[in-house]
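Colleague: This is the structure I want to talk about, given as structure tokens.
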Amino acid sequence: MRLDSWRTGSSPGRRQGLNQYPIPRLGYFHSHHLSLLASTYRCASSVTAILSRSTFIGLRCKECGHPYEAGARHVCEDVCFGPLEVVYDYDAIRSRVSRATIEAGPTSIWRYREFLPIEGDPIDVGTGFTPLLRANRLARRLGLKELYIKNDGVNMPTLSFKDRVVSVALTRARELGFTTVSCASTGNLANSTAAIAAHAGLECCVFIPSDLELGKVLGTLVYNPTLMAVKGNYDQVNRLCSEVANTYGWGFVNINLRPYYSEGSKTLGYEVIEQLGWRLPDHIVAPLASGSLFTKIRKGFDEFIKVGLVEEKAVRFSGAQAEGCSPIAQAFAEGRDFITPVKPHTIAKSIAIGNPADGPYAIDIANRTGGNIAAVSDAEIIEGIKLLAETEGVFTETAGGTTIAVLKKLVEQGKIDPSESTVAYITGNGLKTTEAIASSIGEPFVIEAQLASFNSAWERAQSLQRATWETVG
Amino acid sequence: MAVQVLIPTPLQKFTNDEASVDLEAASVDELLQAMEGRFPGILSRLCDESGKLRRFLNVYVNSEDIRFLNHQATALADGDEVSIVPAVAGG
Ligand SMILES: Cc1ncc(COP(=O)(O)O)c(C=O)c1O
Ligand SMILES: [Zn+2]
């Protein structure tokens, strides 16, 4: 066995689920026997640094600070039910990591592995290190000077930022001995969990609301997991999954593996810093569903400052929601620090979470950084998708349309200064939500395979274009 | 009113590992008191000092979030199912 597998303590009890095959894993049994010994060493970072390549120490309640072992648990069960977060040994990280070591790493999220909560070898399916585009044409259209698009619509393997969180969650799931993985999903997470589980040879059963776009459903089924389409909205799917997680010993990436899962989003912060030439932007705009991604981009920036990889600078954080599901934007507008849940009605299904767990933290970040949280209508979301496609050649899904529409709105309202260097996070791919825009874009000219047919169609096309110019003015 | 309460894993140490318990209560507030009566100590996990449910806990009556009903004053009827679910991340 590897020495490092006994440091962070697993939780054997979670593994006795109904569908868990009783296949003993060597590392698991050893880690169980040695866990007492390991807890003796846990506080001595000099010892752990020798024992382990991993740099994380355990879990801690984000609300009350109560410490927990790094098992499959996500809430502060001994005190306050607050969310648990991974704790790292930043001295160990600082001593091992430099800009040069990161630049020499793989072109995936695993170039930042010291900042991620895993012990052994990662599941590396090429996730991360997606393009950061300088978006000059969109910037000019909006009246900004320095705008970038972080394009996770081309993330690997399933074309959304969820591949980041799932790569981390399933690596950790395997380390904790789970053989079946699961999730409650608004679509993208199901795609990603099913794909990466297939690659890693894990059993997979995922849950989605039954009204999702076809692309999201097919993009899960093709990996041959068990797919449960639940008659209800995401919040109902989530509640069901919490109950399933109570009784089946599965690794739910966004429930009992949530502390590990959510850390994956920090890499969206690291990559932007590195791709900007090791500096921070002035302003970021990102979509909010549960609010997890938003808070973790912030954590990513903070960690790079803390270990000295980037110079400290104020960054404003602005969040984007769809009006049809905007509990965080509503709370922000009303100056509340608590969320009143809503029932979602929007085409932006991937971010339709009516009861967002990290909402209070997202509000806090927006307030503390001088950012904003705004909501846009479904019509504006469609315009946002088209605007990004026409100006930058990036086809995003509804979540990205929401982000672009909010970016536009904040610029128009003077809430983003034209001189701020601004990064818009595009988190998903447009080919998965074609239904949303099908009736709002042009149609092909259907012609005969004859020059005359082309000639007259071309003429029609030209006059249509002239008409568009005239209406645009 | 006999209602069935679904207990999340983290609280099952109070309920001798029972995932579901039957209790008598006419409202969510009464139910919280009844739980404390049966499982001393559980109330301080569920609620803060002022008696308000902790903000990271969701309570559902027959699958409906009590924040869409009458919050902790939500009435309970015979045969209702109440579930207590810690918040989870999404997507
Ligand atoms: C494409 C896309 N963008 C953004 C989000 C929001 O993520 P979070 O729940 O972390 O706020 C999701 C997931 O729900 C998503 O699928
Ligand atoms: Zn706590």
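The values are calculated or read from the model by the stated rules, or taken from the named source; none is laboratory data. Bear in mind that the values here come from a model prediction, so they are computed numbers and not experimental data. FYI the Cβ positions are ideal-geometry reconstructions off the backbone, even for glycines, and counts take in every protein chain you see. The area values use the complete protein model at the heavy-atom level, side chains included, leaving out ligands, DNA and RNA. Shrake-Rupley method; radii C 1.70, N 1.55, O 1.52, S 1.80 Å.
Colleague: When only Cα pairs under 8 Å and 6 or more residues apart are kept, what is the percent relative contact order across chain A?
Modeller: 14
Colleague: Dipole of chain A, Cα-centred, from +1 at each Lys and Arg C-beta and -1 at each Asp and Glu C-beta, to the nearest 20 debye?
Modeller: The calculation lands at about 720 debye.
Colleague: Over what distance in Å are the Cα centres of the range A:228-286 and the range A:422-464 separated?
Modeller: Taking the Cα centre of each part, the range A:228-286 and the range A:422-464 sit 34 Å apart.
Colleague: Please list A:74, A:283 from largest to smallest accessible area, probe radius 1.4 Å, with all protein chains kept in place.
Modeller: I get A:74, A:283, largest accessible area first.
Colleague: Counting other C-beta atoms within 10 Å, and keeping those with at most 15, which DSSP coil trypsin sites (Lys or Arg not before Pro) do you find in the range A:310-372?
Modeller: Counting only loop positions with at most 15 other Cβ atoms within 10 Å, the trypsin sites (Lys or Arg not before Pro) in the range A:310-372 are A:313, A:336.
Colleague: Another question about this same structure. Would you kindly find the accessible area of residue B:59, with a 1.4 Å probe and non-protein molecules such as ligands, DNA and RNA excluded, rounding to the nearest 10 Å²?
Modeller: Spelled out: residue B:59, probe radius 1.4 Å, area about 10 Å².
Colleague: Among A:187, A:224, A:109, pick out the residue whose Cα is farthest towards the positive end of the charge dipole of the protein assembly as shown, where Lys and Arg carry +1 and Asp and Glu carry -1 on C-beta, about the Cα centre.
Modeller: Sorting the options by dipole projection puts first A:109.
Colleague: Right, something else. For chain B, which span is the longest to avoid every loop-located (per DSSP) member of GluC sites (Glu not before Pro) having at most 14 other Cβ atoms inside 10 Å?
Modeller: My reading of the result: B:50-91 is the longest stretch.
Colleague: Restricting to DSSP loop positions (anything but H, G, I, E, B) with no more than 15 other Cβ atoms inside 10 Å of their own Cβ, which chymotrypsin sites (Phe, Trp or Tyr not before Pro) remain in the range A:274-345?
Modeller: Answer by residue number: A:278, A:338.
Colleague: Find the relative contact order for chain B and round it to a whole percent, using C-alpha pairs within less than 8 Å whose residues are 6+ positions apart.
Modeller: 37
Colleague: Let me know the volume per residue of the alpha-carbon convex hull for the range A:291-345, in Å³.
Modeller: Taking only Cα atoms, the range A:291-345 has a hull volume of 95 Å³ per residue.
Colleague: Past 24 Å, Cα to Cα, is the threshold; run A:343/A:386; A:150/A:408; A:62/B:52; A:231/A:296; A:62/A:432 against it and keep the listed order.
Modeller: Listed pairs above 24 Å: A:343/A:386; A:231/A:296; A:62/A:432.
Colleague: Cα gyration tensor of chain B, axes a ≥ b ≥ c as square roots of the eigenvalues: rounded (a/c below 1.5), prolate (a/b > b/c) or oblate?
Modeller: Verdict is rounded for chain B.
Colleague: While we're on this one: Can you tell me the mean projection area, over all orientations, of the convex hull of the range A:432-473's alpha carbons? Units nm², please.
Modeller: 4.3
Colleague: Tell me, what % of the accessible area of the range A:56-171 is carbon and sulfur with a 1.4 angstrom probe?
Modeller: 50
Colleague: In degrees from 0 to 90, rounded to the nearest 10, what is the angle of the helix A:162-175 Cα long axis to the longest principal axis of chain A?
Modeller: Taking Cα atoms only, the helix is inclined about 20 degrees.
Colleague: For residue A:65, what charge total do you get from the other residues with a beta carbon under 14 Å from its beta carbon, if Lys and Arg give +1 and Asp and Glu give -1?
Modeller: My count for the surroundings of residue A:65 gives -1.
Colleague: Counting other Cβ atoms within 10 Å, which GluC sites (Glu not before Pro) in the range A:358-450 have at most 12 and lie in a DSSP loop?
Modeller: The qualifying sites are A:448.
Colleague: For residue A:160, which sequence-distant residues (separation of 5 or more, or a different chain) have an amide H within less than 5 Å of its own amide H, given hydrogens modelled in the peptide plane?
Modeller: For residue A:160, the qualifying residues are A:155.
Colleague: Further question: So if I place +1 on the C-beta of Lys and Arg and -1 on the C-beta of Asp and Glu, and nothing else carries charge, what would the dipole magnitude of the range B:2-86 be about its Cα centre? I want it in debye, nearest 20.
Modeller: Charge dipole, the range B:2-86, about its Cα centre: 420 debye, nearest 20.
Colleague: Roughly how tilted is helix A:234-247, in degrees to the nearest 10 and between 0 and 90, from the longest Cα axis of chain A?
Modeller: 20
Colleague: Also: Local charge sum around residue A:429 (other residues, Cβ-Cβ under 12 Å, Lys/Arg +1, Asp/Glu -1)?
Modeller: For residues surrounding residue A:429, the net value is -1.
Colleague: For A:204, A:64, give me the order by solvent-accessible area with a 1.4 Å probe, most accessible first, ignoring ligands, DNA and RNA.
Modeller: A:64, A:204
Colleague: Can you work out the Karplus-derived ³J(HN,Hα) for every residue in the range A:110-121? Use 6.51 cos²θ - 1.76 cosθ + 1.60 with θ = phi - 60°, whole Hz, and x for glycine or proline.
Modeller: Here the 3J(HN,Hα) series is 6, 5, 10, 4, 5, 9, 10, x, 10, 10, x, 7 Hz.
Colleague: For the protein assembly as shown, with equal point scatterers placed on the C-alpha atoms only and solvent neglected, what are the log10 I(q)/I(0) values from the Debye formula at q = 0.05 1/Å, to two decimals?
Modeller: -0.21
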